[in-house]
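Here the structure comes first, spelled out in structure tokens, and everything after it is commentary.
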Amino acid sequence: MTLDHSALMVAAMAEGEKARLHAPPNPWVGALVARDGVVVGAGHTQVPGESHAEVDALRHAGERARGATMVVTLEPCCHVGRTGPCVDAIIDAGIERVVVGTLDPDPRVAGGGVAALRDAGLAVDVGVELEAVRAQLAPYLWHRVTGRPYVVLKIAATLDGMVAMGDGSSQWITGEAARRDAHVVRAQSQAVLVGAQTVRADDPQLTARLDGVTLEPLRVVLGHAPAGARVHPCWERSGDLGAVLNELGAHDILQVLVEGGATVASEFLDAGLVNHVVWYVAPAWAGSASGRGALAGLSTPSMDALRRARFSDVRRLEEDVRMDLEV
């Protein structure tokens, strides 16, 4: 089957998605080696310290890489880190053309990988499926540009925006499918952050449980968690939210999931620190007379001050709906 560069990049993105959970703090990159549009090798980023996507794809292609085209979602690295420069491996393998989704803003790369390939005589195309690739790698790109983690705010609420009932109970507003999906979002995050009130009310574990495997992101509590809380061991932080994000970024946290409660969610939104919202909606009503609103701490004095976002995805999860918004 013959494929054009755009279709090959989409396939490389699917390959990169296989690395989403294990690659951080490295980016989850996908790479393909193709001859006449036919894929002869595919690879993705391995765990830190092992092969990058390009080397993995070249290994699978073997001698068929000579004279072929490589399609890779992120600009190949040109520096020595835990592994050697991917540009050297590409050149040594005899690749003739490299198709890149997006440049790497990491100061150690930042166009240097493309320049090294071109200096070696390879043809290089940049920006194929640029918007889709940048969306897939958004947490990594954001971290490399700002030094802070990409902030995902997760909310599970009724149709009228309530996250807890009059007696304070909140388990469970959404069904099993939505809750399973929320664990995937946790697994994609290297840190999960909640307020101390949420710890006292719900005693969450804040682990990601997927198919019998439990992953443990860094757990961050704003305030102090009770001594016997299941969230321990955790970071306990207070003060400026930006400073908290700076500290997380310095510890190679690419994405932090803010899970609540309503006051913490409101504070992050009010400070303009949220990049992405995952909002689960259950087909139920609670009423605002006694229920707890998802953003109870947020105040909007006028239409001019209304905060807006852009829907990036809406999909059904059995009886519930997941809405993704870019802020």
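The values are calculated or read from the model by the stated rules, or taken from the named source; none is laboratory data. A quick note: this is a predicted structure, and the numbers were derived from the prediction, not measured. Note that each Cβ is placed from the backbone with ideal geometry, even for glycine, and that neighbours are counted across all protein chains shown. Accessible surface is based on the protein model in full, side chains and every heavy atom, while ligands, DNA and RNA are left aside. Shrake-Rupley method; radii C 1.70, N 1.55, O 1.52, S 1.80 Å.
Some observations on this one:
- So residue 316, is it open to solvent by 60 Å² or more (accessible area, probe 1.4 Å) and assigned to a strand (DSSP E or B): yes
Condition check ((1) under 15 Å from residue 153 (Cβ atoms); (2) among the acidic types (Asp, Glu); (3) surrounded by fewer than 19 Cβ atoms within 10 Å (Cβ to Cβ)) across all residues:
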site	(1), (2), (3)
238	no, no, yes
245	yes, no, no
251	no, no, yes
258	yes, no, no
265	yes, no, no
301	no, no, yes
327	yes, no, yes
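Matching residues to (1) out of contact with any Cys (no Cβ under 6 Å at 6 or more places or on another chain); (2) at pLDDT 95 or above; (3) open to solvent by 40 Å² or more (accessible area, probe 1.4 Å); (4) assigned to a loop (DSSP other than H, G, I, E, B):
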position: 43; (1), (2), (3), (4): yes, yes, no, no
position: 56; (1), (2), (3), (4): yes, yes, no, no
position: 60; (1), (2), (3), (4): yes, yes, yes, no
position: 73; (1), (2), (3), (4): yes, yes, no, no
position: 82; (1), (2), (3), (4): yes, no, yes, yes
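- Remark: pairs (first residue in the range 54-66, touching a residue at least 24 places away in the same chain (Cβ under 8 Å); second residue in a helix (DSSP H, G or I) and surrounded by fewer than 24 Cβ atoms within 10 Å (Cβ to Cβ); Cβ separation under 7 Å; 6+ apart in sequence or on different chains) = 54/89; 55/89; 58/89.
Table: residues versus (1) more than 25 Å from the chain's Cα centre (by Cα); (2) closer than 27 Å to residue 149 by Cα; (3) hydrophobic (A, V, I, L, M, F, W, C).
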residue	(1), (2), (3)
48	no, yes, no
51	no, yes, no
61	yes, no, yes
76	no, yes, no
94	yes, no, no
108	no, yes, no
122	yes, no, yes
127	no, yes, no
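- Members of the range 183-206 found to be within 22 Å of residue 148 (Cα to Cα) and either free of Cβ contacts under 8 Å to residues at least 60 places away in the same chain or part of a helix (DSSP H, G or I) (or both), listed by number: 184, 185, 186, 187, 206
- For the range 211-230, taking the residues that are part of a strand (DSSP E or B) and under 17 Å from the mean Cα position of the chain (by Cα), the one that is surrounded by the most Cβ atoms within 10 Å (Cβ to Cβ) is identified as 219.
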